[in-house]
Amino acid sequence: MRYFLPSAVRLKIMEKFPRSRVYLADKYLNLFDIFRRYPARIYIETGLLYGDSLKVAKKAGFVKLYSIEIDESLCKAGRKLFKKSAEILSGHSPNVLKKLLRDIDEPCTFYLDGHPQQLHGWPVLEELHEISKHHLKNHNIILDDRRFFGSGDIPTEVSIIKQIRSINNAYVFKYENGRFFKDILAVSVDYTT
């Protein structure tokens, strides 16, 4: 069963995201709610595409925003679109994360939405490996497109969870609705237990 929005809300979302179809409007409203539930001052995403998720993150209240994209033409468009409100970084996401995390000394919210790259495959395990090397172990990690885990050369959900557990065994895993039902895996340290 999918989560559906009232028509008036869908129309409002469509005004803000004109490229998106109505079903994507559901995703971005769900994503806004998810970002609000996993707050941090710093937001780091892999996979910019047209910048829709970055727009949602900005509206959700993150203060410092980074987006990592391998396609230089998308980076150029993103830099023009976001000007100084977000830093658009070009390159293979694990390599860029490695450099970026050296200068960060506080918990972040990561939105891992990088897709298969021609020469590098699906980078999620490498991205998680770079996050695991950071000295802080209480970042929020949100992974999109769970429906693809285990397809073809894409890592399985078991291997992804194992990699996340290597960062912090106290992480709590939750399935969230995105564009599709329970298509997002959200991970955080549960301070209530």
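Restricting attention to the range 116-135, does a residue exist that is without any contact (Cβ under 8 Å) to a residue 12 or more places away in the chain, on the phi > 0 side of the Ramachandran plot and assigned to a loop (DSSP other than H, G, I, E, B)?
No, the range 116-135 has no match at all.
Kindly evaluate Glu69 against the criterion of being at pLDDT 95 or above, of a type outside the set (A, V, I, L, M) and under 18 Å from Glu127 (Cβ atoms).
no
Among the residues of the range 141-152, how many are open to solvent by less than 20 Å² (accessible area, probe 1.4 Å) and either free of Cβ contacts under 8 Å to residues at least 40 places away in the same chain or not in a loop (DSSP other than H, G, I, E, B) (or both)?
Matching residues across the range 141-152 total 4.
Filter the range 97-109 down to the residues that are touching a residue at least 40 places away in the same chain (Cβ under 8 Å) and touching a His at 6+ places or on another chain (Cβ under 6 Å), then identify the one that is least open to solvent (accessible area, probe 1.4 Å).
Cys108
Looking at Ile70, Ile88, which is the one that is open to solvent by less than 20 Å² (accessible area, probe 1.4 Å) and of a type outside the set (Asp, Glu)?
The unique qualifying residue is Ile88.
The values are calculated or read from the model by the stated rules, or taken from the named source; none is laboratory data. The structure presented is a predicted model; accordingly, all values stated were derived computationally and were not measured. Ideal geometry is used to build each Cβ from the backbone, glycine not excepted, and the neighbour counts take in all protein chains shown. Remember, those area values only see protein heavy atoms, side chains included, never the ligands or the DNA or RNA. Shrake-Rupley method; radii C 1.70, N 1.55, O 1.52, S 1.80 Å.
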